[in-house]
1. Looking at (1) touching a strand residue (DSSP E or B) at 6+ places or on another chain (Cβ under 9 Å); (2) crowded, with 21+ Cβ neighbours inside 10 Å; (3) not acidic (D, E), find the lone condition where N528 falls short.
2. For residues that are open to solvent by less than 10 Å² (accessible area, probe 1.4 Å) and in contact (Cβ under 8 Å) with a residue 60 or more places away in the chain, tally how many sit in region 497-512.
3. With L539, L490 as the choices, which residue is farther than 30 Å from Q439 by Cβ, buried (at least 17 other Cβ atoms within 10 Å of the Cβ) and not charged (D, E, K, R)?
4. Residues to consider are T534, T512; find the one that is of a type in the set (S, T, Y) and in contact with a helix residue (DSSP H, G or I) (Cβ under 9 Å, 6 or more places away or on another chain).
5. Looking at region 253-289 only, could you name the residues that are of a type in the set (S, T, Y), over 21 Å from the mean Cα position of the chain (by Cα) and farther than 25 Å from R397 by Cβ?
6. Could you tell me how many of the residues in region 592-618 are open to solvent by 50 Å² or more (accessible area, probe 1.4 Å), under 26 Å from the mean Cα position of the chain (by Cα) and of a type in the set (D, E, K, R)?
7. Can you find a residue that is touching a Gly at 6+ places or on another chain (Cβ under 7 Å) and either at negative phi or at pLDDT 95 or above (or both) anywhere in region 152-172?
8. From E403, E428, which residue is within 25 Å of the chain's Cα centre (by Cα) and surrounded by fewer than 16 Cβ atoms within 10 Å (Cβ to Cβ)?
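The values are calculated or read from the model by the stated rules, or taken from the named source; none is laboratory data. Everything numeric in this text was worked out from a predicted model, so none of it was measured. Cβ atoms come from the backbone with ideal geometry, glycine included; neighbour counts cover every protein chain shown. Side chains are part of the model used for accessible areas, which takes the heavy atoms of the whole protein and leaves out ligands, DNA and RNA. Shrake-Rupley method; radii C 1.70, N 1.55, O 1.52, S 1.80 Å.
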Amino acid sequence: MAAPAKSARERRPSTSAPLSDLQGPVGPTFSRPKHKRTVTGFGPGEIKSVEASIPEPQRAAWKKFTPKPFETAEEFNAEAVRHIETTLARSMYNCDEGAAYAGTALAFRDRLVLDWNKTQQAQTFTDQKRVYYLSLEFLMGRALDNAMLNIGKKDVAVKGLSDLGFRMEDIISQEHDAALGNGGLGRLAACFLDSMASLNYPAWGYGLRYRYGIFKQEIIDGYQVEVPDYWLDFNPWEFARHDITVDVQFYGHVSKYQDDDGKNVSVWEGGEIVQACAYDVPIAGYGTSTVNNLRLWGSKAASGEFDFQKFNSGEYESSVADQQRAETISAVLYPNDNLERGKELRLKQQYFWCAASLFDIVRRFKKTQRPWKDFPNQVAIQLNDTHPTMAIPELQRILIDQEGLDWDEAWSIVSKTFGYTNHTVLPEALEKWSVPLFQHLLPRHLQIIYDINLNFLQFVERNFPKERDILNRVSIIEESNPKMVRMAYLAVIGSHKVNGVAELHSDLIKTTIFKDFVKIYGPDKFTNVTNGITPRRWLHQANPRLSELIASKLGGYDFLKDLTLLHKLEAYVDDKDFRKEFQEIKYANKVRLAKYIKDTLGVSVNPSALFDVQVKRIHEYKRQQLNIFGVIHRYLAIKAMSPEEKKKLAPRVSIFGGKAAPGYWMAKTVIHLVNQVGKVVNNDKDVGDLLKVIYLEDYNVSKAEIICPASDISEHISTAGTEASGTSNMKFVINGGLIIGTCDGANIEITREIGENNIFLFGNLAEDVEELRHSHMYGTYTLDPSLAAVFDSIQSGTFGDAGSFSALVNGIVDHGDYYLVSDDFASYCKTQELIDEAYRNQDEWLTKAITSVARMGFFSSDRCIDEYAEMIWNTEPLVPSKDE
């Protein structure tokens, strides 16, 4: 529960607000009446009277001393050196690259803050509909380079730093990646924040401030080892809002009584209070002065972080126990839920974040003094997957328990406010929480969910009186043992729009997991918004030379705001100079990655080899195991070749990267196998440069910015029908890399845009998957001989202890091969041979790469945000007055 904040915290005297009615002295020698303000600002109606109440001399003084943004290298240096000298207390003699980064970041942060304040004031003043994007992950990457490019002052900083004796590349590399996410879900959220700011939509993101990230991955003896990611040691990009706190309730019990009007009232009492503290991160738009906000919540004990009485009585450990227990809520992203306590922590985490965010959103709406019926016209809340679904019963609880609305009026508001983005059709990824856990942790919310379910089932029964079976299938409560709350169903029922993230995925959710809901609500409630990426980070920032080459042909950088302009590049497909420079840029990017591999792993790779890349979360459905089996197949083939045959083979570097969830044993086994294969292959003199296997540890956004521009081929080889969209496929193609992939997710739409000749597709189709799985379990199928040879080499100990990999092999041979590795293996190997052949003809390969880049205009996150705004949020941009 988000309990109302104490009045002392809501209003604190300050000298920056309207005159109060204070009488008499307010200090020993200071009797002038002070201004006072609410710590979170004013509603639109109050701003004019506030402004009028500030005396003209004070207003003039404020305006006179308002900081001006730097424009030149000299002005930038003045800001950076001031911060190094005064904020960091360093001097010219002990200013290392870390200090230079801090000074640079603080100078740019200060510049951002000026526009940030203006943006927030303008959004409050115009009082138009705002978007609130709730995501458990925001995989932001490094902020400095992005800020410099979006503001348009990177060249100024490069010159300024050069004058001070520093190289920009060295300074940028000092920054820690913000450890607020893990996979595509979080990176999509980050791209969307960038696009919402660049397109001037009034929008806030809400997430959690993970103190240790998901984890920092280390590879030790070939195994993944998780260690804390201390990314917050120095973070100039966040502002702690110590005055913005929300009390969030857990456990306790619900009391019911009738008030004086005979109305039934429920009160959630007792239990534990944890305090949510706000941290704000400015999100700069590109080519605009709009700077939106990302608000992250940290957790701390409401009772204070230190119990003096316990400490004085010698209970030193328990004197900080409350604080330690509270801090676990925002300590780690996706705590291991193999244990019951882990499941409780995950649900606690989700509710904590939703409750704090809803409290903030409702408080902001109430400042406008509008009637509640206007709430959906002022507020659009987008649920990024099922994690924030608790926001639905929480808003209903606020409206009926705290604001006194009746059920139907409240539910009408709730169901018009939320939109739900589904990101998976995998049953295990559709969250379910046990009813006993809910009853224990969130008793009032369980009651509300039961009431939502009752009303919904009665609605279904009235409309489908002869179909009793449908009630069981669509109930939010799954009648299992124990009973489970199906969060995806709650998200569908409580939202006015549900969208998938690629055409195939959106079709699949309507024909599989949400089939009955399409029947109940009709198809109009369900829509598709194919994912996209921000070209500012994934082209302009990650591959500046390619961005510059494109700009030289298109007459400027307008394509970064309208990616469809890339189609004009097709006119240069046969231009010799353009082709030569395009190829040189790709080679230079491969050299940069080869240097990184040498520096971090000590393995030398040939930049002229074909770079074959698969970097993403490690999961069986993404089929890194298919890739490494293919690598072993290639290794065995090379070992059997004559010297003449080896000369004809294109050398290849197979690059893997990604994290496995701490409790996901099978995914960790895949990582171990990749590393063991690398250990054998990379040291085999018979193979030499013909094949190298690389595992890049601790894959993150800044590593992706080095990897994506360097790939020749990237692997997007999920079992058909399992990958909702995928966005790394888009990042690789826009950087001039080709794809090997299945007919899954956005691969299908990429194929449609770039043409079948420019992508290497293989494998079974989504419609055949169920039949194949059935035949594995109940029919007979024989293992492909090439795959059997791969398994024989693993089981003979070629890559170390065969027992370590027995579960991986047995899952395919004896346990049904759920992800169809054996069915797609022959097709995969054949397609890899086609890639070898195509790569030998470098002219043709280059044509494919350039054509692909030119046809990627559709896959911009700007297009996504415009579609969400039009189809789901019903909101308009707010263009800053100086940008009009």
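1. (2)
2. Here the count works out to 7.
3. None of the others qualify; the one that does is L539.
4. Working: T512 fails: in contact with a helix residue (DSSP H, G or I) (Cβ under 9 Å, 6 or more places away or on another chain).
Of T534, T512, the one residue that is of a type in the set (S, T, Y) and in contact with a helix residue (DSSP H, G or I) (Cβ under 9 Å, 6 or more places away or on another chain) is T534.
5. Across region 253-289, the qualifying residues are T288, S289.
6. Final tally of qualifying residues: 1.
7. There is no residue in region 152-172 that is touching a Gly at 6+ places or on another chain (Cβ under 7 Å) and either at negative phi or at pLDDT 95 or above (or both).
8. On the way: E403 fails: within 25 Å of the chain's Cα centre (by Cα).
After applying the criteria, what remains is E428.
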